[in-house]
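The structure appears right after this line, and notes come after that.
The values are calculated or read from the model by the stated rules, or taken from the named source; none is laboratory data. Given the structure is predicted, the values throughout are model-derived calculations rather than measurements. Note that each Cβ is placed from the backbone with ideal geometry, even for glycine, and that neighbours are counted across all protein chains shown. Heads up: the accessible areas ignore ligands, DNA and RNA and are worked out on the full protein's heavy atoms, side chains in. Shrake-Rupley method; radii C 1.70, N 1.55, O 1.52, S 1.80 Å.
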Amino acid sequence: MPLTYKKKLFASRRWNGWLSRLVGGVFLSLMVFFSALIFLGERTERMVPMMRNEQAFIEQISGYAQTLHKEYGVLPSISISQAIVESNWGKSGLAQTNHNLYGIKGESGQSLFATKEFYDNEWVEIDASFRSYNSWEESMEDHAKLLAHGPAWNAQHYAEVIAADNYAEAARALQRAGYATDPDYAEKLIRVIEQYRLYEYDLSVER
């Protein structure tokens with residue numbers, strides 16, 4: 001076989017091999033790209049209804065939170081964010097069954113629900129008694145009264161929450177007062193307030 005022909009044949013095989021690898025690489029890249037698009041599309045489809053549900057929950061309780069502020073002085077952003085965190089957007093069993101948005105405990109013998117508390121640097125699950133309400137609005141008003149007037153054993157227990165000039169101060173005052181055992185409670189409230197711009201509801205009320 002002539003040497004020139006062998007060179008051409010070798011070059012042709014190299015070209016074909018390189019071209020095959022190129023086509024294969026492009027095909028694989030396209031497969032990954034379109035798979036990512038499909039995944040993101042499905043994820044977006046799941047997220048949009050969830051975001052709508054979250055906004056609907058905020059809209060459902062924000063008006064009454066502003067009304068309660070006028071009488072009890074609790075910042076609407078605090079009322080709304082606590083309801084979100086404590087009730088998982090109104091979807092918790094306690095919120096659905098007892099209309100209790102804030103995890104407010106009840107007297108012994110009232111409705112028992114499993115709950116998690118943070119003790120000795122770890123989360124433990126316990127059964128506790130919780131108050132029952134006829135509506136979310138009733139729960140919201142009881143929560144506002146609790147912060148404004150304190151528990152029976154100390155009328156000033158949540159005074160710093162009411163006196164706070166902004167949501168961050170109020171959230172940290174709640175944690176200092178021991179509203180929840182979660183060591184990250186204040187930061188969770190602040191993140192929710194800032195993510196959903198709940199502070200805008202504070203701007204429309206008089207201090």
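When the residues SER204, SER81 are ordered by accessible surface, computed with a 1.4 Å probe over the protein chains alone, the sequence from largest down reads SER204, SER81. Looking at segment 142-207, the accessible area is 57 square angstrom per residue; that uses a 1.4 Å probe and ignores ligands, DNA and RNA.
Inter-label distance, HIS149 to THR67: 1.9 nm, where each label sits 7 Å from its Cα along the C-beta direction. Spin-label model, LEU203/ARG52: points 7 Å from Cα along the beta carbon direction are separated by 2.7 nm.
Within the accessible area of segment 144-207, the carbon and sulfur atoms contribute 48%, probe 1.4 Å, all protein chains present.
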